[in-house]
Protein chains: 2
Amino acid sequence: MKVLQEKITKHGQVISGRILKVDSFLNHQIDPELMHQIGLEFAQLFSSDEITKIITIESSGIAPAVMAGLHLHVPVVFARKRKSLTLNDDLLSSTVFSFTKNETNEISISKKYIKENDRVLIIDDFLANGEAASALAEMVEKANAKVMGIGIVIEKSFQKGANKLKDQGYRVESLARISSLADDKVTFTSEKMEELI
Amino acid sequence: MKVLQEKITKHGQVISGRILKVDSFLNHQIDPELMHQIGLEFAQLFSSDEITKIITIESSGIAPAVMAGLHLHVPVVFARKRKSLTLNDDLLSSTVFSFTKNETNEISISKKYIKENDRVLIIDDFLANGEAASALAEMVEKANAKVMGIGIVIEKSFQKGANKLKDQGYRVESLARISSLADDKVTFTSEKMEELI
């Protein structure tokens, strides 16, 4: 997705050749118009999959997921990382290790929001090691619903997550795929392929 | 906002005459089309205020805030409740006590996303005791920016938050105002006023 690549190139900051900081438009400050375009792109990619529900994880997944839900006309559910007094139903739970926060979180979704017939699109902001997406997929399967695909805003293709999820049989659609952050420079997968030709 | 009141009446659950659970469309499962309408309503209410930035707090404030940002064409910043490895800039911080979670959180926004000239709209899902909105307003003022108003999806008017914020001189616009949850029944302020006439 060209507009997203341009935004990453212009505003992304690489830290220590490993972390891509995009908090000026995605995960601290949010660019609503970019999110709207991202939501439309996801909706088009999964338009023939009869999606009935989108799930994501708080907090940075919410904006792209809600925009995709707007275009696909389906509800969005976000998994919570912490329990709330008002989230005390029967829960689907799973465990996620976050490398950026260096901690393990139990994440939960109320059972009543994923039903057996649901055709679920999982959306998240980043895909690196695949921890969050795997945990979300696990919850969908615990509910006997079907994972129709995984939509990712930014994939760090040099980490293992995308391949791991594809090996598990999931369709992964990433709007920007980064092949390297070496030398604190963002290289997209397509660029690298062009270099190789 | 009629469509919101109807949604609350139909899908809200009152617990112990005190807590209104709206997790089927606002703070666990999200109705993207309702959020879109809510965003439009906020944009219209603050259309002449030359808003340059919206701030909110993770996680349930994000969806309505991003939709308001879409209609007002301004970026949205969400305050984080926990520090992230990628949020290590100079921070504006404040403290919020959450009655529903029974805990105190330090919330933070990177200084670079609120500037002295900003005309800020604060948006949140609920207003009860006003803890979150006050903390957000405090951060805006620490940055020498201007709070143009506070947009709330659901106000529990029988708690002290709305009056406290108005007494402090803030404009508060709530799309649904609840005067009572007694007997586990939702009564809106306008209904109560009609009963009194």
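Tallying residues that are closer than 18 Å to residue B:64 by Cβ, in contact (Cβ under 8 Å) with a residue 24 or more places away in the chain and crowded, with 21+ Cβ neighbours inside 10 Å within the stretch A:41-73 yields 13. State all residues of the stretch B:50-64 that are under 16 Å from residue B:154 (Cβ atoms) and more than 8 Å from chain A (Cβ to nearest Cβ); if no residue qualifies, say none. Result: B:56, B:57, B:60, B:61, B:64.
For the stretch B:42-59, does any single residue satisfy the condition of being under 19 Å from residue A:59 (Cα atoms), of a type in the set (Ser, Thr, Tyr) and at pLDDT 90 or above? Checked against the condition, which is being under 19 Å from residue A:59 (Cα atoms), of a type in the set (Ser, Thr, Tyr) and at pLDDT 90 or above, the stretch B:42-59 yields at least one hit. Taking first residues from the stretch A:161-174 that are of a type in the set (D, E, K, R) and partners that are in a loop (DSSP other than H, G, I, E, B) and modelled with pLDDT of 95 or more, the Cβ contacts under 6 Å between residues at least 6 apart in sequence or on separate chains come to A:164/A:130. Taking the conditions exactly as written (within 11 Å of chain B (Cβ to nearest Cβ) and closer than 16 Å to residue A:120 by Cβ), does residue A:77 satisfy them or not? Criteria met by residue A:77. For residue A:12, indicate whether it is closer than 17 Å to residue B:32 by Cβ and touching a residue at least 12 places away in the same chain (Cβ under 8 Å). So residue A:12 fails the test. Pairing residues of the stretch A:17-40 that are within 21 Å of residue A:128 (Cβ to Cβ) and more than 8 Å from chain B (Cβ to nearest Cβ) with residues that are small (Gly, Ala, Ser) and in a helix (DSSP H, G or I), at Cβ distances under 9 Å and at least 6 apart in sequence or on separate chains, gives A:17/A:182; A:26/A:63; A:38/A:63; A:38/A:68. Take residue A:126 and decide whether it is modelled with pLDDT under 90 and either in contact with a Gly (Cβ under 8 Å, 6 or more places away or on another chain) or more than 9 Å from every other protein chain (Cβ to nearest Cβ) (or both). Against the criterion (modelled with pLDDT under 90 and either in contact with a Gly (Cβ under 8 Å, 6 or more places away or on another chain) or more than 9 Å from every other protein chain (Cβ to nearest Cβ) (or both)), residue A:126 does not qualify.
Every listed requirement among (1) within 14 Å of chain B (Cβ to nearest Cβ); (2) in contact (Cβ under 8 Å) with a residue 24 or more places away in the chain is met by residue A:142 save one, (1).
Within the stretch B:12-26, is there a residue that is of a type in the set (Phe, Trp, Tyr) and crowded, with 16+ Cβ neighbours inside 10 Å? Reasoning before the result, please.
Filtering the stretch B:12-26 for residues of a type in the set (Phe, Trp, Tyr) gives B:25.
Now narrow it down to the ones that are crowded, with 16+ Cβ neighbours inside 10 Å: B:25.
Yes, the conditions are met somewhere in the stretch B:12-26.
Of all residues in the stretch A:102-128, those satisfying the criterion of being free of Cβ contacts under 8 Å to residues at least 60 places away in the same chain and crowded, with 17+ Cβ neighbours inside 10 Å are A:105, A:107, A:108, A:109, A:110, A:127, A:128. Considered as a group, the residues in the stretch A:138-164 that are surrounded by fewer than 20 Cβ atoms within 10 Å (Cβ to Cβ) and of a type in the set (D, E, K, R) include one that is nearest to residue A:45 (Cα to Cα), and that residue is A:146.
The values are calculated or read from the model by the stated rules, or taken from the named source; none is laboratory data. Quick caveat, the model's predicted, so the values are computed rather than measured. Because the Cβ atoms are built from the backbone with ideal geometry, glycine has one as well, and the counts that use them run over all protein chains shown.
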